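K.L.:
This is the structure I want to talk about, given as structure tokens.
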Amino acid sequence: MTAEQAATGPGSAPSSVSSVPGGESEPEAVRRRAGGAESSRANRGWWDRNADEYQSEHGAFLGDARFVWCPEGLDEEEARLLGPASALAARDVLEIGAGAAQCSRWLAEQGARPVAVDLSHRQLQHALRIGDGRGGDLTFPLVEADARLLPFADGSFDLACSAYGALPFVADPVRVMSEVRRVLRPGGRWVFSVTHPFRWALPDEPGPEGLTVSASYFDRTPYVEQDESGAAVYVEHHRTVGDRVRDVVASGFRLLDLVEPEWPDHNRQEWGGWSPLRGKLIPGTAVFVCERD
Ligand SMILES: C[S@@+](CC[C@H](N)C(=O)[O-])C[C@H]1O[C@@H](n2cnc3c(N)ncnc32)[C@H](O)[C@@H]1O
């Protein structure tokens, strides 16, 4: 059992991979405070070490050029949370926490001009490996950066999006969303998905044991995996639904919709704590659809 499985945690990351630097010993899973810099440092290392496992475990589900918002399988091709197809052509789109940039690749195929940002060098190497998804080179820029400090001029983008990228991992979501607002043009849409906050009250298990409340939904203490010296090697941050709404508004956005994707019958795939069993009963993902005020 990994430390991640042993503790109540939200588990945006796959649960079957080693999160130990060097792989020597299991990290300890705790709930404790973790600041912005510590969280980014820990998560950069974690994603660099685990990107290969993540892509080999989930790459088929994600597809090379598919925009899937969540383990439930909500697809932007059908959901159109960023607006109608006509709203994508020739638009500058920022993707945050892009991983191997599957969503950006789909956006490029729709005629948009995506820029894919991620904290992890190794995740972006997978984006290069996949290229354009048809044997050719990537057709859009990759940027290695922390979403807490976006290296773009004000008003550079028409749209911004993130599928489980950055927001579940940062201590200071208002700082990230204020950066997103800064680089968006007036009226620009900002859509992001995160673990549904309700999941934080439950064990991160796909089976029936993941259906019994074991922690307080109201406990915002971060989930931290730490090494023997107490240094964080992985961090996730909890915000309640109300916190997320307040963060959106405090960052200068209007909330247009809050989507809680239901688990479709055809999806039989488990992803960490996400499973058909739990998906039929409780929400696993929250997608916030916002517009720059
Ligand atoms: C769960 S993965 C999602 C990746 C991709 N969006 C997908 O759907 O496969 C989370 C990603 O967020 C990135 N990330 C975490 N913290 C970040 C930060 N502060 N700034 C930018 N990216 C971050 C990680 O490196 C990782 O690639």
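K.L.:
Going residue by residue through region 60-76, is there one that turns out to be more than 13 Å from the ligand (Cβ to nearest atom) and over 24 Å from G45 (Cβ atoms)?
P.N.:
No, the conditions are met nowhere in region 60-76.
K.L.:
Take the residues of region 133-190 that are among the hydroxyl-bearing types (S, T, Y) and not in a loop (DSSP other than H, G, I, E, B): which is farthest from the ligand (Cβ to nearest atom)?
P.N.:
By that ranking, first place goes to S178.
K.L.:
For L128, are the conditions met, namely being hydrophobic (A, V, I, L, M, F, W, C), part of a loop (DSSP other than H, G, I, E, B) and under 23 Å from A90 (Cα atoms)?
P.N.:
no
K.L.:
Considering only region 74-121, state which residues are among the polar types (S, T, N, Q) and either surrounded by fewer than 23 Cβ atoms within 10 Å (Cβ to Cβ) or part of a loop (DSSP other than H, G, I, E, B) (or both).
P.N.:
S86, Q110, S120
K.L.:
Would you say S216 is over 20 Å from S162 (Cβ atoms) and either without any contact (Cβ under 8 Å) to a residue 12 or more places away in the chain or aromatic (F, W, Y) (or both)?
P.N.:
In short, no.
K.L.:
Can you tell me which of (1) at pLDDT below 90; (2) assigned to a helix (DSSP H, G or I); (3) surrounded by fewer than 22 Cβ atoms within 10 Å (Cβ to Cβ) is the one E4 doesn't meet?
P.N.:
(3)
K.L.:
How many of the residues making up region 142-172 are under 16 Å from the mean Cα position of the chain (by Cα), under 18 Å from V93 (Cβ atoms) and aromatic (F, W, Y)?
P.N.:
1
K.L.:
Within region 24-35, is there a residue that is in a helix (DSSP H, G or I), small (G, A, S), at pLDDT 95 or above and surrounded by fewer than 19 Cβ atoms within 10 Å (Cβ to Cβ)?
P.N.:
The answer is no; no qualifying residue exists.
K.L.:
Would you please list the contacts, defined by Cβ atoms under 7 Å and residues six or more apart or on different chains, that run from a residue in region 197-209 that is among the small types (G, A, S) to a residue that is surrounded by fewer than 17 Cβ atoms within 10 Å (Cβ to Cβ)?
P.N.:
A201/V213; A201/S216; A201/Y217; G207/L277
K.L.:
Among the residues of region 87-100, write down those that are more than 8 Å from the ligand (Cβ to nearest atom) and at pLDDT 95 or above.
P.N.:
Residues satisfying the conditions are L88, A89, A90, R91, D92, V93, L94.
K.L.:
Which pairs do you get when a residue that is under 25 Å from G45 (Cα atoms) and buried (at least 19 other Cβ atoms within 10 Å of the Cβ), found in region 138-157, comes within reach of a residue that is of a type in the set (V, I, T) and at pLDDT 95 or above, reach meaning Cβ atoms under 6 angstrom, with the pair 6+ apart or on two chains?
P.N.:
Once the first residue is under 25 Å from G45 (Cα atoms) and buried (at least 19 other Cβ atoms within 10 Å of the Cβ) and sits in region 138-157, its partners that are of a type in the set (V, I, T) and at pLDDT 95 or above give A147/I96; A147/V176; R148/V176; L150/V183.
K.L.:
Could I ask something else about it? Just for region 114-132: of the residues that are β-branched (V, I, T) and under 23 Å from L167 (Cβ atoms), which one is farthest from the ligand (Cβ to nearest atom)?
P.N.:
V115
K.L.:
Against the definition (modelled with pLDDT of 95 or more and in a loop (DSSP other than H, G, I, E, B)), how does D204 come out, yes or no?
P.N.:
The answer is yes for D204.
K.L.:
Of all residues in region 38-59, count the ones that are within 10 Å of the ligand (Cβ to nearest atom) and of a type in the set (D, E).
P.N.:
1
The values are calculated or read from the model by the stated rules, or taken from the named source; none is laboratory data. Source: prediction; values computed, not measured. Cβ atoms come from the backbone with ideal geometry, glycine included; neighbour counts cover every protein chain shown.
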